[in-house]
Structure formats: C-alpha cells, structure tokens
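Okay, so here's the structure we're looking at.
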Amino acid sequence: MKLIKIVFFALLTISACQREKSSFNNKKNYSPDTAMLATAFETFKEKDLTHRRFKHADIEPLILKRGESKLFEISKLGQSVQKRTLYQLKYGSGNKRVMLWSQMHGNESTATMALFDLFNFLEGRNDQFDSVRNLLNKETTLYFLPMINPDGAEIFNRRNALDIDLNRDARETASPEARILKHAAEVNKPAFGFNLHDQHIYYNVPGTPNPATISFLAPAYNHEKDINDVRGRAMQLIVGMNKILQQYIPNGVAKYDDTHEPRGFGDNFQKWGASTVLIESGGYKNDPEKQYIRKLNFLIILNALIEIAQESYTQYEQKAYQDIPENATKLCDLLIRNIQAERDSVTYPIDLAIKRDELNAPDSAFYIRGRIDDVGDLKDSYGYEELDAKGLSFMKGKLYPTAINHPNELTKEKVIGLLRGGYIAVQVKNVANNKHYKWPLLLTGNGTIYGNSPTLGSQANFFLAKEGEPKYAIVNGYLVDLSKELDENFKNYIQ
C-alpha cells in the first residue's frame, strides 16, 4: 500500500520535490502534475481512433484483441436492432464494482475514444504506473460497455435504429440495447456508474465566452432531488474531477440542472444504488474532432477510478459540487456584431449569431450548412469566432454569370477573385457524384443562391462591405477575410 501511495503522488503532484515529501494523508493539498498526466495519455492513446466518426467495425477488433492479454474478460452481452454485438470488458477482481458505458447516443463518441486509451493504459507494464494498475486490479472490478448504440454510430445519429433515444428508455426498455444495459446493471450490481456522453458545443459557462468543455451531473433519483449517501458519493467524485479539470480548462466546467428524469439511465442507476456520474463532453476551440477533450476524459476517469479504489473521494465536500455553475446556452460558431443592415426600406444595426450544422451525405461523409440562429441585440452572447463589423454593411452576393463544368476548374486565385468581385455563387453544369468541395464559395446545380438575407433561419451566405466593396464573405457560416490568403479546408457540398 505504501508503494501505491507513492506512485499515486508521482501521478498527481506538481514537482519531484513535492512528491518525495508527500504522503497520502496529505492528499487534500496536492496539485495535479500536468506533465505526468499528459505523458500517460500520449503514451497510451489508441492510435487507430483519430476522429469522431468511427463505426462499430472500427472498434470491434480493438475490443477482441483485449482477450489476448488475459487482463480483460470479454463478454458478448447481446445485439443491437441491426445485429451488431454489444460487448463488455471486465478488468480487476476487487470488491468496488464500477460500471462505465459510452455512446448511448451514436454521435457522442468522445468518451469511447478515451475508454480505449484507458484499456491501453491498463495493459501497460514495467513503468511508473504499475502500482496504479495493481491498485485498480486489486481494489476494483471495472465493467466497460463501449458503444451502447452501434447502429446510431453507423450513421453518426443520436438515436438507435428504432428512432428511440436510449437514454430515455430505462423505464420501458423497449429497445434491445436498453434491455442489455439494464440487464448488465442487474448482473454487475455496480457501486459506481459513469454515464459517458457528448453535449452540443454551444453550452457555455454562464457569463463567460468559455465553452462548457466538460459538464457534469450527479442525477437525482427522485423528483424531490434528495441527496442520500449514493448520490452524495457521486457529487464527491465530481468535485475531485473538477479539481483536476481546473488545471487544464480553468472556468471551463459546468453542470446540468438536476431535474429528475424518470426515463433516464443515469437517474435510474442512482435509484438502483450505483453512485452515478454523468460526464458530458462539449466544445473546445480549434478541437473539432474532440481530441483534446478525449484527453480530458482519460485524465478525469482515471483519476476518479483511483479515488474510488483509495476511497479518497471522501475528502471532498458535497457543497463544492453545488458551487459548479450550471450550463448556459449563449455560444455560437460565429458572432458578428454591429452590422448595418437594410430591410423593408428600414436601415438598422444588428448582431447575427451563426451556427454551422453538420449534415450527413449519402456517401457517409458530412458537410457543413451554416444558418443564422439568432438576430438582434446579442451583447450577452458569445462566439467561438467573433467579428465586430462596425462600419460594415450587409451586402447580398451575386451569381457568377458563367457556369462551370466541374469544381476542379476552380483555383485559389479564381475563388478569391470571385469573392472580391461580390460573387458568392457559381453554377455547376455537371453535378458529379462526389458533391463535396473545399472552397468557400457556393456551388449550385440550379443557379439558386440560398440565404443572402439577414433573416432568422436563413442560410448564412452574404458579404460584409464598406462603401460597396466586399471586405468579408460569409459562406455556409464560415467567415472569410478577403484581405488574407484563402483557406482551402471548408466542408461544403453542391446544392
């Protein structure tokens, strides 16, 4: 046990000198060693998962190969609606039972990636983390259920193949995936549960432009929102995880409203006696594939498992959970302030909030369609990207008079020239099977320009001009500064 404590502090304290002087009894005073935690993640990161839109076929081999190490017990729990196997990986032999399940919503994959990083970590050996592994193996039994909704993941869709929200099916268990999850809970009888999700990227920490990169909830097990020992332990675990996160994303953590949802799995796990933590992965600037947030998941889940094994979560006050601010929804992808617009012969100042929706294409890839999400006085709103357009006016874009045969006819120089000339769209005569293209320009098969208006719900396609000269183009919600070199990484689609 003494060796375990020493290694645990090697993982979590800030300097070698402090680690040598620390003991587990002083753990309330530790500060996480960012370099040490980051090294663990970088060392054990699963290299075969590099983006959010992986499928069941991508992770199934990664699950099955775990059987070779003999550290994991692999079980087939059943099948989804479309006959994809749901797996459970069991690790350890301790009396503290912990159940972790991810991707109940098929398009919420961040934590699934982190679980595979954690599997790699647990399979490591002969390094400075061996005592942590021995601790977890001896004190806990871990049950991992990655990708509860493989059919949804196949098309990157929230719901399952029956259009059921699995996280609202704990009461009826109408879907096979929900029945599998509930049965696993009945068999495993966990003392702790981790319900792993993604939330939309537009949640922010109230009163700040900071995304709620991670949000938590200790779900209520009844409508009265009572706090018993079971729910209280979940709150304490969250306090410990928040302590870690403040080292990485200060003022970037929030929590959900705890109104009881009788259909929710988290609420029911809490009712069934498992101290349950909901972890929601939100947004982080310049992290579209959520690889940094994946790292955060790895760190806080590993930390929480160690604290369960050591029972060190008991040091935290439940009140500190209540101090975590609740999610706000004041974020957008692009916020443009102080535009001078004209409509119905009325000239007026306006702010526009623009969101970029991900849409699935028939070829399984995705593309972006930007839309105006809010209009008016948006001084209390924020954007991942913001522009003060004071002195600039809303300007409609034009259709280029000459159609082209194929997007390959466009070059960077041609596109920037068109935009600077006020042309936002080009007609394509022969729309290819592959309709994806990289340019910040509207390509249309029928010559229609969609949007071109500062109205709520319109597609976000227009110019910002000064004295009739375009200075910025907004194409599918992307902001293009016409005084700078053109980027070529846009995810657009021929309309």
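Between Glu224 and Gln340, the contour length at 0.36 nm per residue exceeds the Cα-Cα span by 36.8 nm. Less than 5 angstrom separates the built amide H of Lys255 from those of Phe216, Glu326, Asn327, all sequence-distant by 5 or more or on a different chain.
Normalised Debye scattering of the range 247-327 at q = 0.13 Å⁻¹ gives log10 I(q)/I(0) of -0.53, counting only Cα atoms as equal scatterers and leaving out solvent.
Principal-axis analysis of the Cα atoms of the chain puts helix 2-12 at an angle of about 10° to the longest axis. Determine which residues of the range 325-344 fall in the zone a paramagnetic label at Leu456 would reach in this model, i.e. backbone nitrogen under 20 Å from the point 7 Å along Cα→Cβ. In the range 325-344, the label zone of Leu456 (backbone N under 20 Å from the point 7 Å along Cα→Cβ) covers 329-344. For the range 359-495, the fraction of 1.4 Å probe accessible surface lying on carbon and sulfur atoms is 45 percent. By DSSP, the beta bridges lying fully in the range 191-278 are antiparallel in about 20 percent of cases. Taking the accessible area of the range 240-288, probe 1.4 Å, and keeping the other protein chains in place, the carbon and sulfur fraction comes to 44%. Couplings 3J(HN,Hα) for the range 210-219, derived from phi with the Karplus relation 6.51 cos²θ - 1.76 cosθ + 1.60 (θ = phi - 60°), are 6, x, 7, 5, 10, 10, 10, 7, 9, x Hz, where x marks Gly and Pro. Annotation: per residue accessible area for the chain equals 42 Å², rounded to a whole number [probe 1.4 Å, protein chains only].
How high is the relative contact order of the chain, given as a whole-number percent (alpha carbon pairs under 8 Å, six or more residues apart)?
12 percent
In the range 368-457, Cα pairs under 8 Å separated by at least six residues give a relative contact order of 36 percent. Calculated FRET efficiency, Lys189 to Ile494, Cβ-Cβ distance, R0 = 51 Å: about 0.40 to the nearest 0.05. Site pair Lys90 and Thr50 shows an inter-label distance of 3.6 nm when each label is modelled 7 Å from Cα along Cα→Cβ. Distant-in-sequence amide contacts of Asp198, defined by a placed amide H-H separation under 5 Å and a gap of 5 or more residues or a different chain, comprise Ser281. Nonpolar atom fraction for the range 54-98, defined as the carbon and sulfur part of the 1.4 Å probe accessible area, stands at 44 percent.
The modelled label-to-label distance for the pair Arg179/Asp287, using points 7 Å beyond Cα in the direction of Cβ, is 3.9 nm.
Here the 3J(HN,Hα) profile of the range 288-302, calculated from phi with Karplus coefficients 6.51, -1.76 and 1.60 at θ = phi - 60°, is x, 8, 6, 6, 6, 5, 4, 4, 4, 4, 4, 5, 6, 5, 4 Hz, Gly and Pro shown as x. Close amide-amide hydrogen proximity is noted between Ile249 and no other residue 5 or more places distant or on a separate chain, at a cut-off under 5 Å (H modeled in the peptide plane; Pro and chain starts excluded).
For Ile155 and Thr347 in the same chain, what is the full-extension length gain: residue separation times 0.36 nm, less their Cα-Cα distance, in nm?
Once the chain is fully extended between Ile155 and Thr347, it gains 64.7 nm.
With contributions of -39500 (n - 2.57) from each DSSP H run of at least four residues, the per-residue ellipticity at 222 nm computed over the chain stands at -8000 deg cm²/dmol.
With R₀ set to 56 Å, the beta-carbon distance separating Arg168 from Glu467 gives a calculated FRET efficiency near 0.55. Modelled spin labels at Lys76 and Gln246, positioned 7 Å past Cα toward Cβ, are 4.8 nm from each other.
The values are calculated or read from the model by the stated rules, or taken from the named source; none is laboratory data. It should be emphasised that the depicted structure is a prediction, and the values quoted were computed from it without experimental measurement. Ideal geometry is used to build each Cβ from the backbone, glycine not excepted, and the neighbour counts take in all protein chains shown. When the accessible area is computed, the model is the full protein with side chains, heavy atoms only, and any ligands, DNA or RNA have been set aside. Shrake-Rupley method; radii C 1.70, N 1.55, O 1.52, S 1.80 Å.
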